[in-house]
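A short worksheet on the structure shown next.
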Amino acid sequence: MVELVNQHHPDVGEQQIRIWLNDALREFSRRTKIIKKAYTFDTNLNERYYGLPEYIIEVNSVDYDGYKIPRLIGKPTKRDIT
């Protein structure tokens, strides 16, 4: 692939071409949602919100202690401003 890009852009170095190809691969993966992965973390009592790593684009489902948690539609009944 590097050679093909180099044919059309002979003045661009191999390192820059690899950067472009990696960027294109990440963008393709993000748009097509082709990569799916399970992510787990520990929870704490009375902690409602948790940060997720930047690479997580979308949450498809949430399980807790072996049970699927339904998606919340609308606002929660109990407000938590923390």
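The values are calculated or read from the model by the stated rules, or taken from the named source; none is laboratory data. Just so you know, these numbers come straight off a predicted model, no measurement behind them. Positions of Cβ are generated from backbone atoms using ideal geometry, with glycine treated the same way; all protein chains shown enter the neighbour counts.
A few points about this structure:
- Summed over segment 25-60, residues that are in contact with a Ser or Thr (Cβ under 7 Å, 6 or more places away or on another chain) and hydroxyl-bearing (Ser, Thr, Tyr) total 0.
- Meets criteria (assigned to a helix (DSSP H, G or I), surrounded by 10 or more Cβ atoms within 10 Å (Cβ to Cβ) and touching an Asp or Glu at 6+ places or on another chain (Cβ under 9 Å)) for ASN6: yes
- Leading residue by the ranking (modelled with the lowest pLDDT) among those in segment 40-63 that are exposed (fewer than 10 other Cβ atoms within 10 Å of the Cβ) and aromatic (Phe, Trp, Tyr): TYR49
- The single condition among (1) in a loop (DSSP other than H, G, I, E, B); (2) loosely packed, with under 10 Cβ neighbours inside 10 Å that ARG31 does not meet is (1).
- Answer from ASN60, ASN46 - the residue that is of a type in the set (S, T, N, Q) and touching a residue at least 24 places away in the same chain (Cβ under 8 Å): ASN60
- Pairing residues of segment 65-82 that are at negative phi and in a loop (DSSP other than H, G, I, E, B) with residues that are among the small types (Gly, Ala, Ser) and surrounded by 10 or more Cβ atoms within 10 Å (Cβ to Cβ), at Cβ distances under 6 Å and at least 6 apart in sequence or on separate chains, gives no pairs at all.
- Candidate set from segment 41-82 (those that are more than 22 Å from the chain's Cα centre (by Cα) and small (Gly, Ala, Ser)); member that is farthest from GLU27 (Cα to Cα): GLY66
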